[in-house]
Amino acid sequence: MQQYLSDKLRVISLVSIALVLYIHAGFHADEIAGMTALDYLQHFLSGLLGRCAVPLFYLISGYLFFLKVPDGFRSVLDKIKKRLRTLLIPYIIGCVFFVVFGVGVALVPGTARFMNSTLLPLLNRPVTDVLCAVFYDAGNGMPCAFHLWFLRDLLLIVLTSPLWYLCLKRLKWVLAPVTFVLTYIPIPWLPFQPLFWFVLGGSMVSVSLSTLDARTTASATVLFLLLSLAQLFMPALVPWHLLNIPITLLGIVAIWGLYDLMAGRHFELSAHRLLATSCHFVFFIYLFHEPTINIVRKLIVVALGTNVVGYTTSYLLSPWVFMACAVAVGVVFRRSLPAVYRFCTGGR
């Protein structure tokens with residue numbers, strides 16, 4: 001892989017995690033009742049622009065998984081073993097951290113207001129129910145650490161990757177449209193949408209991921225923004241949920257091309273120390289941003305007041321404040337306890 005492409009994937013991953021933080025930085029409708037402008041802002045930034053974040057992670061995961069398989073099926077099996085170390089262990093640790101942190105905060109007097117919900121009732125359930133809720137499904141299709149559904153589904157796709165490898169080898173680009181059609185068939189426990197993005201990323205191994213020209217980038221960006229604005233202000237215009245994947249794909253093309261325009265062909269990530277350091281901690285931020293980001297966003301509201309200014313400022317700033325804090329904690333963690341850090345993050 002060329003260094004430019006490697007740097008590009010790292011920076012785009014950082015952009016994606018910033019969008020994920022915005023998705024989880026929004027306030028519930030009852031908290032911002034009557035604040036129409038903020039409600040629209042949250043829906044546009046977190047819901048419509050932010051919808052590109054997770055598909056981008058799946059695309060990159062699929063691309064990197066199938067990028068180098070020199071020994072064919074054997075290479076795929078080797079990658080499964082590696083991914084079990086780099087994904088499964090962090091997933092288990094992230095799930096446990098979420099519950100332990102949430103319960104711990106709930107037990108400290110006066111701190112419950114910094115959490116969106118309490119996990120204390122979980123302690124009264126049978127052990128099997130607790131294990132299922134913590135590591136698989138808490139009753140809403142996601143584990144207690146709801147943000148880790150991405151990792152759970154990615155693990156399932158990786159475990160079944162020999163099948164997708166054989167399908168890609170036989171069908172090549174045909175597999176992506178097939179999985180796209182499957183996304184419209186709602187079957188519980190089968191993550192067809194994540195699979196589509198993962199397979200699409202794997203399909204891109206066979207093509208050159210070159211830079212996009214300014215015209216293509218501008219067209220994709222304008223069309224994506226116009227469609228997103230139309231969906232925001234005219235939600236009943238068309239069945240938007242049927243167009244979600246095509247619109248998201250436009251957004252991804254826009255992000256891909258905008259990077260080329262803004263960074264330039266001679267951009268080197270290593271020459272930008274702060275940016276390069278932040279890129280190293282994307283996975284760390286993803287694993288542990290819930291429920292910790294709640295403390296940051298609610299502290300800002302406490303400081304500025306439960307009003308439009310307080311909630312809007314918190315929504316716009318808390319992802320960046322949290323990211324700065326998380327990177328600082330990650331740097332100290334990695335330097336002080338490198339072996340523990342590597343274990344928690346799967347060596348990433």
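The values are calculated or read from the model by the stated rules, or taken from the named source; none is laboratory data. It should be emphasised that the depicted structure is a prediction, and the values quoted were computed from it without experimental measurement. Because the Cβ atoms are built from the backbone with ideal geometry, glycine has one as well, and the counts that use them run over all protein chains shown. What goes into the accessible areas is simple: the full protein's heavy atoms, side chains included, and nothing from ligands, DNA or RNA. Shrake-Rupley method; radii C 1.70, N 1.55, O 1.52, S 1.80 Å.
Under a 1.4 Å probe, what is the accessible area of segment 283-348 per residue, stated in Å²? Could the numbers behind the result be given before it?
Numbers: 3020 Å² over 66 residues.
Heavy-atom accessible area per residue stands at 46 Å².
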Query raised in the report: When the helices in the chain are scored as -39500 (n - 2.57) per DSSP H run of 4 or longer and the sum is shared across all residues, what 222 nm value do you end up with, to the nearest 500 deg cm²/dmol?
Result: -21000 deg cm²/dmol
Query - Heavy atoms of Leu212: accessible area, 1.4 Å probe, square angstrom to 10 - result: 50
Report task. Could you rank Glu31, Glu268 by how accessible they are, 1.4 Å probe, largest area first? Result -> Glu268, Glu31
Requested in this report: Sticking with the crude label model, points 7 Å out along Cα→Cβ, report the distance from Ile187 to Leu317 in nm, one decimal please.
Outcome: 4.9
Query - Full-extension gain in nm, Ala303 to Ala276, via 0.36 nm per residue minus C-alpha separation - result: 6.5 nm
Query raised in the report: For the chain, which DSSP H helices look membrane-span-like by this rule: Cα extent along the axis of 24 Å or more and mean Kyte-Doolittle of at least 0.5?
Result: 3-23, 89-107, 214-233, 244-263, 308-336
Requested in this report: Report the charge-dipole magnitude of segment 1-91 in Debye, nearest 20, computed about the Cα centre from +1 at each Lys and Arg Cβ and -1 at each Asp and Glu Cβ.
Outcome: 740
Query raised in the report: Between Leu122 and Val178, what is the label-to-label distance in nm when each label sits 7 Å out along the Cα-to-Cβ direction?
Result: 3.8
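Compute the accessible area per residue over segment 114-215, keeping the other protein chains in place, probe 1.4 Å, unit Å².
55
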Report summary line: So Cys132 and Leu242, fully extended at 0.36 nm per residue minus their Cα-Cα distance, gain in nm 36.5 nm
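Give me the percent of the accessible area of the chain that comes from carbon and sulfur atoms, probe 1.4 Å, all protein chains in place.
Of all accessible area on the chain, carbon and sulfur atoms account for 70 percent.
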**Report entry** Most fluctuating residue given options Met262, Met142, Met204, as computed from a GNM of the chain linking Cα atoms under 10 Å
**Finding:** Met262
Query raised in the report: Under unit Cβ charges (Lys, Arg +1; Asp, Glu -1), what dipole magnitude, rounded to 20 debye, does the chain have relative to its Cα centre?
Result: 1080
Report task. Report the FRET efficiency, 1/(1 + (r/R0)^6), for Val108 and Gln3, where r is their Cβ-Cβ distance and R0 is 41 Å, rounded to 0.05. Result -> 0.30
Query raised in the report: Got a sec? Charge dipole of segment 1-119, +1 on Cβ for Lys and Arg, -1 for Asp and Glu; which of Gly102, Phe27, Tyr63 is way out at the positive end?
Result: Tyr63
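When only the heavy atoms of the protein chains count and the probe is 1.4 Å, how do Lys169, Lys298 rank by accessible area, highest first?
Working: Lys169 125, Lys298 25 Å².
Sorted by accessible area, descending: Lys169, Lys298.
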Query - Summed side-chain charge close to Leu151 - residues other than Leu151 whose Cβ falls under 13 Å, Lys, Arg +1, Asp, Glu -1 - result: +1
Query raised in the report: Given the options Ser75, Ser278, Ser208, which has the most mean-square fluctuation in a GNM of the chain, springs set between C-alpha atoms less than 10 angstrom apart?
Result: Ser208
Query raised in the report: With the radius of gyration and the Kirkwood radius both derived from the Cα set of segment 274-348, what is their ratio Rg to Rh?
Result: 1.08
Query - Accessible surface of Asp30 - all protein chains present, 1.4 Å probe, nearest 10 Å² - result: 120
